[in-house]
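The structure appears below as structure tokens.
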């Protein structure tokens with residue numbers, strides 16, 4: 001492997017033997033060939049190693065560790081990465097074949113520190129191109145870096161070596177690390193989907209209560225920092241409300257709704273509109289009971 005412009009691709013995996021081959025091959029078959037693929041097996045008990053061995057590619061580095069979570073696995077990959085650049089992939093997703101080539105070209109042409117792309121999200125028998133709110137170009141400092149996934153991120157290795165993942169988080173680690181990085185480095189959006197994101201039934205992202213708990217941790221720790229970002233706070237509110245709408249404890253719902261109020265500085269009418277727009281009817285009812293403005297009037301205010 002040529003050390004110049006080498007990209008280290010890191011895949012954390014846990015008991016995904018049935019999926020890891022497809023994911024890894026989408027990396028190995030990239031039009032951009034100068035890469036190493038670091039697969040960090042986070043304590044799998046299935047035949048993940050045998051599947052990886054069957055790929056027979058000398059660019060693969062396979063490491064197995066005791067189960068510590070995806071954040072710790074990514075940090076291990078970052079530690080041993082030899083590339084000038086680092087990109088992240090998950091064991092159940094598929095990159096488009098020209099993803100890395102397009103990203104490294106855009107990164108160099110624009111002198112960016114990090115680039116990310118959009119994804120085609122497959123779930124609930126539908127597919128969407130997300131995130132919708134970012135357009136081509138650099139993120140302004142007042143933009144909140146929320147909604148894009150690690151699988152679409154590629155950037156200078158030294159940035160990640162000095163900004164490791166928070167291993168206490170099982171979810172929301174992508175938002176938390178990009179929030180930190182965004183303060184000191186430039187991030188460029190490629191307005192094109194370059195990978196397929198598959199939501200699995202056993203995916204950690206399917207556990208909305210766990211997602212709400214981890215996102216709450218990030219919000220409370222970074223409250224003042226998040227308040228500085230005036231763009232896309234509504235996206236954060238919508239995501240958080242979606243998670244907490246799945247919580248059964250109404251007292252807990254009230255507590256978390258008040259947290260997002262305090263961060264976004266939004267009033268209840270704006271939140272009722274957001275809940276109506278995204279069909280979060282339980283949260284809408286929770287808020288609507290405390291005001292006397294007709295729902296039609298609220299909707300008209302924000303259209």
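The values are calculated or read from the model by the stated rules, or taken from the named source; none is laboratory data. All figures in this text were calculated on a predicted structure; none of them were measured in a lab. Ideal geometry is used to build each Cβ from the backbone, glycine not excepted, and the neighbour counts take in all protein chains shown.
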Tabulated pairs, region 136-152, first on the phi > 0 side of the Ramachandran plot, second surrounded by 14 or more Cβ atoms within 10 Å (Cβ to Cβ) and in a helix (DSSP H, G or I), C-beta under 6 angstrom, 6+ apart or interchain: 147/235
Residue list for region 243-270, filter: crowded, with 18+ Cβ neighbours inside 10 Å and either under 17 Å from residue 146 (Cβ atoms) or touching a strand residue (DSSP E or B) at 6+ places or on another chain (Cβ under 7 Å) (or both): 243, 244, 256, 260, 263, 264
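Quick one: in region 242-254, of everything that is assigned to a helix (DSSP H, G or I) and under 12 Å from residue 213 (Cα atoms), which residue is nearest to the chain's Cα centre (by Cα)? Write out each step before concluding.
To start, the set of residues in region 242-254 that are assigned to a helix (DSSP H, G or I) comprises 242-244, 250-254.
Subsequent filtering for residues that are under 12 Å from residue 213 (Cα atoms) retains 243-244, 252-253.
Values: 243: 15, 244: 18, 252: 25, 253: 24 Å.
The selected residue is 243.
Which residue out of 196, 191 is in contact with a strand residue (DSSP E or B) (Cβ under 8 Å, 6 or more places away or on another chain), closer than 22 Å to residue 70 by Cα, assigned by TED's automatic domain parsing to the domain that holds residue 136 and at pLDDT 85 or above? Let's see the steps before the verdict.
Details: 191 fails: closer than 22 Å to residue 70 by Cα.
Among 196, 191, only 196 is in contact with a strand residue (DSSP E or B) (Cβ under 8 Å, 6 or more places away or on another chain), closer than 22 Å to residue 70 by Cα, assigned by TED's automatic domain parsing to the domain that holds residue 136 and at pLDDT 85 or above.
List the helices (runs of 4 or more DSSP H) inside region 17-136, counting only whole elements, that have at least 1 residues being over 21 Å from the mean Cα position of the chain (by Cα) and crowded, with 20+ Cβ neighbours inside 10 Å.
Numbers: elements: 17-28, 48-53, 70-80, 99-109.
Fully inside region 17-136 and qualifying: 48-53.
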